[in-house]
Amino acid sequence: MLVDPLRSYDLIGDVHGCGHSLEALLERLGYRRQGGVWRHPWRMALFVGDIVDRGPRIREALHLVHDMVEAGQALCIMGNHEYNLLGWSTEAPPDSGLQYVREHTARNEHLIHETLTQLANHPGDWRAFLDWFYELPLFIDTGRFRVVHACWDSSLIEPLRQQYPEGLIDESFLKASALPDTFAHQVFERLLRGINMRLPHGMTLTGRDGLVRETFRTKFWADEPQTYGDIVFQPDALPEPVAQMPISRAHRAELPFYDADQPPLFVGHYWRRGQPALIRPNLACLDYSAVMFGKLVAYRLDQETRLDPDKFAWVEVERPEAPHEYSD
């Protein structure tokens, strides 16, 4: 993948099938549709993954992003939802005891239901997009800035580079991820899902999306955190007794640390709300819950080495973004 570190990029958060809002955001950023592709005279879009699932215009969003990438007008990395679709559609290794890399449970089907439904009558698109997902790297590192869907963990990225220098994995690596004790599984879980710690005492949380979870999402940049409240990073708050508990030694050992002196890093994944803001001068999350009628957000990166809080741009996702059948 050819990435020009000196070029200006518009980094765009999780789309999740909000195709109409994506067009509105691109127009606001100065892109125009020419020859069937959204283009900018000198900038390039860079998507942080999760183009699919949940929203009403998944096929439209996929075609839009794919066509921009193919025309050299955009880059896109893999999100956990693209990985979910690949895993759902790929048979597990024969000795795994599983049928598919991602098991066909009711919960897993629920997460990708909209994509399966909207592409059901377009088998050619379904196969083509699955093939295309293998062309989406798990990370981008230009030296000047970095992009990963959920968590930058150098202890996994550096050995991954030895096998896949550009972060482009293949089917054998995907299949290996079916087993939880493999390097491939660790890579997908950490880079695409972040750090998910188990709640103590068998507790569960019901999220805004209605799913019941036994884990919670955590920061990977917290400097000397003391309690679980210091590391939680998700819309759903921890119960106060849990938030005040000291972090266990085992959980503390799980936490990587992205230092404030490292290059600017862009992530999605975390369902933020409110006014887009930097986490730190070298860290920005671009997922502002677009598909939950939040904001579809971009950061307009030029040559800065410390991020500027005034360089976010966004559109409000209107309720509802009506279902729409994409036409070629």
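The values are calculated or read from the model by the stated rules, or taken from the named source; none is laboratory data. What you are looking at is a predicted structure, and each value in this text was computed from that prediction instead of being measured. Here Cβ is always computed from backbone atoms with ideal geometry, including for glycine, and neighbour counts include all displayed protein chains. These area figures cover heavy atoms from the full protein model, side chains too; ligands, DNA and RNA do not enter into them. Shrake-Rupley method; radii C 1.70, N 1.55, O 1.52, S 1.80 Å.
May I ask you to derive the relative contact order of the chain, considering only C-alpha pairs under 8 Å and at least 6 residues apart, and to give it as an integer percent? Numbers along the way, then the final one.
Working: 637 pairs, mean separation 68.4, N = 328.
Rounded, it is 21 percent for the chain.
In the neighborhood of residue 218, defined by Cβ-to-Cβ distances under 12 Å, what is the net charge if each Lys or Arg adds +1 and each Asp or Glu adds -1?
On the way: positive: 190, 193, 198, 217, 219, 252; negative: 230, 254.
Net charge around residue 218: +4.
Give the lysines reachable from residue 175 as a straight Cα distance under 18 Å; neighbours fewer than 8 places away on the same chain don't count.
Correct list for residue 175: empty, as no lysines qualify.
Any chance you could list the semi-axes, whole Å, largest first, of the equivalent ellipsoid that the Cα gyration tensor gives for region 134-245, using √(5λ)?
Values: eigenvalues 171, 58, 30 Å².
Value: 29, 17, 12 Å, ordered largest first.
Let me check against my output: what whole-number percent is the relative contact order of region 143-219, with C-alpha pairs under 8 Å and at least 6 apart?
Worked out over region 143-219, it gives 28 percent.
Starting from the 7 Å offset along Cα-to-Cβ, what nm value, one decimal, do you get for the label separation of residue 311 and residue 98?
Taking the simple label geometry, residue 311 and residue 98 are separated by 3.9 nm.
With a 10 Å cut-off between alpha carbons and a GNM built on the chain, which of 42, 314, 152 moves the most?
Comparing 42, 314, 152 in a Gaussian network model of the chain, the most mobile one is 42.
Which number do you get for Rg(Cα) / (2.2 N^0.38 Å) in the chain?
In units of the 2.2 N^0.38 Å rule of thumb, it is 0.96.
Checking the cross-link filter: which lysines have an alpha carbon closer than 17 Å to that of residue 311, excluding same-chain neighbours under 8 positions apart?
Within the straight-line cut-off, residue 311 pairs with 295.
Over the chain, give the accessible area per residue in Å² for a 1.4 Å probe, as an integer.
It amounts to 44 Å² per residue over the chain.
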